[in-house]
Structures are given as C-alpha cells and as structure tokens.
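The structure appears below as structure tokens.
The values are calculated or read from the model by the stated rules, or taken from the named source; none is laboratory data. Just so it is clear, the model here is predicted, and its values are computed rather than measured. Methodologically, a virtual Cβ is constructed for each residue, glycine included, from the backbone with ideal geometry; neighbour enumeration extends over all protein chains shown. The accessibility values were calculated without ligands, DNA or RNA, using every heavy atom of the protein model including side chains. Shrake-Rupley method; radii C 1.70, N 1.55, O 1.52, S 1.80 Å.
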Amino acid sequence: MMNVLQTGKALYVLAAICLAGILVRMMAGSFYKGLIRESANLALTKNKCLRALKQNAEDTYRMNQGMNNTRVYLEKQLYGLKMLGFSLKGVDNLAGQLTLLCFMAGGAAAFGAYWYRSDNYYIVLYGAVGILSGMLTMFVDYGVNLESRRQQLLTCLQDYLENVMWPRMARETSEIGAAAGETVEKPGNLVRTIGRERRGQARRSIEQAAASREKIKDQSKGGEVEKSGENWLQELNPEQKRVLGELLKEFIS
C-alpha cells in the first residue's frame, strides 16, 4: 500500500473512477436521447423497450376501458427500462455514487499518504486530484442533465399516448360497438317479424274455426239447421287461445 501511494499509482485508481462516472453519464444521456427520438411515433419505433411499453399501454387501456392517470403509468413503466442490466433510476444513482467515490477515494489516498509519512507532495496531490475528479464528474452531470432528459422523455410519451393512441383506440372501440349493435339489432327485427307472422296465422285459423262451427248442417231434414257453437273454444289449441286473449285485450283497450 505504501509503495502504491509513494509511487503515484493511486492516481490511476482515481482516474479510473472519474472516467467511469463520466462514461456512465454519457451512456445514460445517449440512451435517453435515443428513447426521446423514437418516442415521436411509437407505431414505427424499432426500440424493444418502447415497443413493449406501447403494447403494455394498449393492453392496460383495453382491460380498464381507459386510463385515468397516464403520467403515473409512464413513470412506473420507466422504472422497468434497462440499460446494461441496470434500470434508468439505478444508472442515475450509480453516476452519483461514482462522483461521491471520487471525493472519498482522493481523501482516503491523501490520508494514507499522511499516515505512511509520505512526502507532502503526494498528500496534496491525492487530495487535489480527488476533488478535481469529483468536480469533473459533476460538471459532466450538469451538461448531460439526466433528470431533464427523463422528464422530456415522459412528456413525449405522454403526448403520444394522450393525443394519438387514446383517441385512436377510442374510435376503434366505438366502431366495434356500433358494428356489434347493428348485428344484434338485425336478429331482433327478424324475431319480431316472425312473431307477427305467427300471430297473424293463428288469428286466421281462429276465425276459420269459429266460422266453421257457427252452423252445423242437419242433412237428415234436407235443410240447414243453425245450432249454437258454444263449445267451440274447447277445441282450440293453446297457441290459438293465447292469441285470442291478446286480441280481446286489444279490442277492450
């Protein structure tokens, strides 16, 4: 350890931590930039993450017959987006931890040089490099501004869902409902038509039965003898009796 501190090899460790912090921020910024560009039209996007998000949004809209809070839904979906095996929130946290590690590693190296009674040059060098590397990562962080890009991505996705996808799905749902309504209405008209035809046939059969039983011919006397047909109702079938009752109700009313 003393050899590492006195020869200045600890500077490579500090440089590696600083470089890692810068690379993580730049990669995350490039990832956000690609998502923002692809989010302009999710129907044509080639990004797997955005295609999965679009499909999940459509399924959720259909299952719930709408969506009350698109912003909250999108924020929850962004937590599931991965970059190099890390979530976007995890990448942001990693970048901040690397910045903090630069300060801590520089301070630890300076304290180690002091503890092993190294030259004051190394004590100041490690402390200064730790501070400068941490400040450099912070400078890159402000330039990339991951939080601002995250909010921009959320706004683009919300704009597409609320102004493009939801109206289109609402129109499709209304068209399907209208087509289903017409399909249901046609059989209903057919049933009513068949019912009217059957009632008309039953009515005609009742009239014919009543007319045939009004007069009973007495062939033995060579003339026609009119007899009462008071028992003719008993010879009607149930359907004829039901139709006769409906006709009587209509006549009375």
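Being modelled with pLDDT of 85 or more, open to solvent by 40 Å² or more (accessible area, probe 1.4 Å) and touching a Lys or Arg at 6+ places or on another chain (Cβ under 8 Å) narrows it down to one residue among Q152, Q158; which is it? Even if it seems obvious, please write down each step before you answer.
Details: Q152 fails: touching a Lys or Arg at 6+ places or on another chain (Cβ under 8 Å).
Checking each option against the conditions leaves just Q158.
Does the range 6-15 contain at least one residue that is at negative phi and within 12 Å of the chain's Cα centre (by Cα)?
No - not one qualifying residue is present in the range 6-15.
Against the condition modelled with pLDDT of 90 or more, surrounded by fewer than 16 Cβ atoms within 10 Å (Cβ to Cβ), of a type outside the set (S, T, Y) and touching a Gly at 6+ places or on another chain (Cβ under 8 Å), how does A105 come out, does it pass?
Values: modelled with pLDDT of 90 or more: yes; surrounded by fewer than 16 Cβ atoms within 10 Å (Cβ to Cβ): no; of a type outside the set (S, T, Y): yes; touching a Gly at 6+ places or on another chain (Cβ under 8 Å): yes.
No, not satisfied.
Return the residues of the range 67-111 that are outside any helix (DSSP H, G or I) and within 15 Å of M27 (Cβ to Cβ); say none if nothing qualifies.
Hits for the range 67-111 are L81, K82, M83, L84, G85, F86, S87.
In this structure, is M135 modelled with pLDDT of 85 or more, open to solvent by 60 Å² or more (accessible area, probe 1.4 Å), over 22 Å from C49 (Cα atoms) and not basic (K, R)?
Taking the combined requirement at face value, the residue satisfies it.
Residue-wise test of (1) open to solvent by less than 60 Å² (accessible area, probe 1.4 Å); (2) closer than 23 Å to G127 by Cα.
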| site | (1), (2) |
| --- | --- |
| V4 | yes, yes |
| R37 | no, no |
| K48 | no, no |
| R51 | no, no |
| Y61 | yes, no |
